[in-house]
1. Given the DSSP H assignment, sum -39500 (n - 2.57) over each helix run of at least 4 residues in the chain and divide by its residue total; what's the result at 222 nm in deg cm²/dmol, nearest 500?
2. Between Ala40 and Leu81, what FRET efficiency comes out of the Förster formula 1/(1 + (r/R0)^6) with R0 = 45 Å and r the beta carbon distance, rounded to 0.05?
3. What figure, in Å² to the nearest 10, do you get for the accessible area of Ser58 with a 1.4 Å probe and non-protein molecules left out?
4. From the protein chains alone at 1.4 Å, what is the descending order of accessible area for Arg112, Arg3, largest first?
5. Just to check, using Stokes-Einstein with a Kirkwood Rh over alpha carbon pairs, what's the diffusion coefficient of region 42-123 at 37 °C and 0.692 mPa s in µm²/s?
6. Percent of accessible area on region 1-112 owned by carbon and sulfur, 1.4 Å probe?
7. Say a paramagnetic label sat at a point 7 Å from the Cα of Asp137, along Cα to Cβ; which residues of region 158-176 have their backbone N under 20 Å from it?
8. Could you work out the pair-distance distribution P(r) of the chain from its alpha-carbon pairs, with 10 angstrom bin width and percents rounded to whole numbers?
Amino acid sequence: MKRMVFCDFDGTITVEETFIAMLNKFTPECSARIVPEIYALRTSLRDGVRQMMESIPSSQYPAILEFARTQPIRPGFVELLDFLDSEHVPFVVISGGVRGMVETVLADWMPRIHAVHAMDVGTDGEYLRVSSEFEGDSELVEKVKAIAPYGVSDWIAIGDSVTDLNMAMAAPSVFARSRLCHYLDERKKS
């Protein structure tokens with residue numbers, strides 16, 4: 001593959017920050033304390049997300065997936081997939097959120113998505129347990145680490161927030177929304 005697109009999910013493919021909305025619904029006190037610290041870059045994604053996710057009882061996981069099912073997709077998503085298909089460019093979803101949520105929302109389009117990289121959730125204990133094949137020092141899903149095995153030099157990152165910052169800084173081309181634009185402007189990254 002000569003070219004690929006790596007796209008965030010929450011707040012990029014979905015209209016809303018689905019993962020943050022889920023945390024606000026299922027662990028409101030914990031998310032109210034930790035999310036602002038993550039956005040201010042004072043708490044790492046790895047530590048903050050793990051604390052929040054692992055405060056949710058495992059019995060709530062089916063309700064989390066049902067909550068995800070109601071999240072709307074951003075207008076233009078299907079047209080983007082159509083364009084990339086016509087150009088034979090693989091589309092990879094790379095999320096700092098929960099794989100089950102991503103796959104639930106994108107179920108109708110999964111055959112058109114080359115791969116999904118996201119956090120896995122274990123429900124065998126009293127509380128959720130999170131893991132990731134690409135866990136790094138500061139991210140539960142280190143997006144740059146997930147991209148590396150593809151071995152492409154011409155790739156595009158699409159994202160909207162702090163979970164996409166390292167990926168965006170490493171990408172040859174970036175399409176950024178909202179908060180990610182601010183972080184990139186501060187770092188003089190186009």
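The values are calculated or read from the model by the stated rules, or taken from the named source; none is laboratory data. Every value quoted in this text rests on a predicted model; they were computed, and no experiment measured them. Backbone-built Cβ (ideal geometry, glycine too); neighbour counts: all protein chains shown. In case anyone asks, the SASA skips ligands and DNA or RNA and just uses the protein heavy atoms, side chains included. Shrake-Rupley method; radii C 1.70, N 1.55, O 1.52, S 1.80 Å.
1. About -11000 deg cm²/dmol.
2. Efficiency, from the Cβ-Cβ distance: 0.85.
3. Around 10 Å² of this residue is reachable by solvent.
4. Arg3, Arg112
5. 228
6. 54
7. 162-171
8. Values per bin, smallest distances first: 9, 38, 38, 14, 1.
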